[in-house]
Amino acid sequence: MPLEPRSESELQQRQRAGDLRVCSSTAFRDRVAAEGLAAAYAATDVVVAANAEFTDQASLQLNLGPADPPLRIRRVQLDRVAGLGSSGSGGITLPIGGGLVEPLRHGGAQVLGTLLAGREVELVAVGEATALHPRRELRARLSLERIGSGQLLLHRGISENGVVALSSGPGITHSPYGPLLGPYGTALYSSGGSRSIGLTMPALALLGPGSPVLVGGALGWVVGAGSGHQPQTRRLPSGHARAPGAVAALSVDLHRLRPEWVRPCFFEGHGSGLVVAIAAPVPLINGTVARQASLGDAQLEAPVLDFSIPRRIKPSFGGVAYSQLLAGEISVNGQRLPCFPAHSPRLAEAITDDLIEQLRSGRFPLRLPLEPLPRRSGLIPLDP
């Protein structure tokens with residue numbers, strides 16, 4: 001029996017009336033298993049999915065007040081982390097990743113963590129002298145309260161799927177997800193599988209520029225396609241990606257971030273990064289969306305890649321079901337090896353519950369995108 005579609009206005013009306021029926025992606029799949037898809041669809045308006053993954057593809061955009069004499073910032077350091085002047089005299093761009101200089105173990109992620117904890121960071125700015133901006137250098141102490149405005153930009157905020165990282169080489173291989181023991185000693189997987197946003201919502205089809213997303217405990221927004229956006233990736237018959245696939249870039253107000261949802265980290269041999277908890281609503285607007293949201297971990301897979309090869313295209317060992325990853329062991333080349341999450345299931349579950357409550361109470365906006373993410377691939381190699 002076909003499932004009757006629902007309009008955006010119908011769901012918004014239910015939210016205004018306090019009758020919006022919201023549950024987690026896990027609860028929806030349990031309901032489908034127990035009652036069937038039609039009954040689960042009839043009892044659910046919105047499903048909430050969440051990620052809490054590592055990223056170093058992010059930056060801080062800070063806007064500082066004027067100095068006297070005025071300074072046009074060109075180079076800057078915050079707690080010895082190098083950034084660049086941007087957007088006029090008081091704009092600063094600070095990368096979140098990097099910071100391999102030992103023994104600091106310190107990058108933009110740690111600077112953000114210091115600010116969110118309410119502590120000060122040291123600012124050293126070098127200017128470009130002009131008639132209206134004669135100052136050449138400024139040293140000061142900055143706290144969150146002394147920053148006029150700022151945004152955390154997640155250039156790779158939501159990926160449709162993750163990867164499984166392992167190493168065929170001897171010893172320790174450093175990766176963006178943590179150390180890998182080789183040959184074939186351990187594996188790390190970067191996505192939460194059926195609980196994640198991209199595997200609940202294939203192709204990130206209900207996200208687009210201006211879509212609201214809960215980012216680090218604050219209301220954030222999709223700004224467009226993200227770094228490595230590849231919507232034309234290989235897919236399962238259900239439409240779910242078999243590789244990282246579509247990517248959405250996100251923006252969130254620095255002053256609204258909550259430190260419990262944003263965790264700085266540092267990986268030996270790779271540098272600093274963040275674990276950011278992100279949750280998104282998946283409105284069940286028709287039967288196709290509901291069927292895709294109902295698939296479980298046994299029906300979804302991630303690609304297994306060899307990170308001992310430092311090349312753009314890494315050797316692949318095919319795909320593995322998320323049910324095997326969650327069970328803690330996979331088989332590769334006839335060898336069994338333990339696997340561990342390179343993300344935080346606990347943070348993802350907690351922010352899922354937070355967004356469910358905000359949607360039910362009407363404190364979080366529910367709307368469909370004005371336009372979808374672009375179909376054009378953003379993964380264009382820089383080959384000579």
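Brief remarks on what is shown
- In sequence order, calculated HN-Hα J values of the range 67-75 (Karplus, 6.51, -1.76, 1.60; Hz; x Gly/Pro): 9, 9, x, x, 10, 9, 6, 10, 10
- Protection proxy ranking, peptides 288-294, 132-138, average beta carbon neighbours within 10 Å, highest first: 288-294, 132-138
- Cβ-Cβ FRET estimate between residue 260 and residue 311, R0 fixed at 41 Å, reported to 0.05: 0.60
- Note on residue 139 and residue 75: the extension gain reaches 21.8 nm, defined as 0.36 nm multiplied by sequence separation minus the Cα-Cα distance.
- When only the Cβ of Lys, Arg, Asp and Glu is charged (+1, +1, -1, -1), the dipole of the chain relative to its Cα centre reaches about 580 debye.
- Taking 221, 261 and counting other C-beta atoms within 10 Å, the order from fewest to most: 221, 261
- Take every pair of alpha-carbon atoms less than 8 Å apart whose residues are at least six positions apart; their mean separation over the length of the chain yields a relative contact order of 23 percent.
- A protection proxy built from the mean count of other Cβ atoms within 10 Å ranks the segments 188-200, 55-67, 267-279, most packed first, as 188-200, 267-279, 55-67.
- Euclidean distance of C-alpha centroids, the range 211-289 and the range 332-384, integer Å: 4 Å
- Computed E for residue 68/residue 93 - FRET, C-beta separation, R0 30 angstrom, nearest 0.05: 0.80
- Listing 152, 3, 382 from fewest to most neighbouring C-beta atoms within 10 Å gives 382, 3, 152.
No value in this document is a laboratory result; all are computed from the given coordinates. All values derive from a computational prediction rather than experimental measurement. Note that each Cβ is placed from the backbone with ideal geometry, even for glycine, and that neighbours are counted across all protein chains shown.
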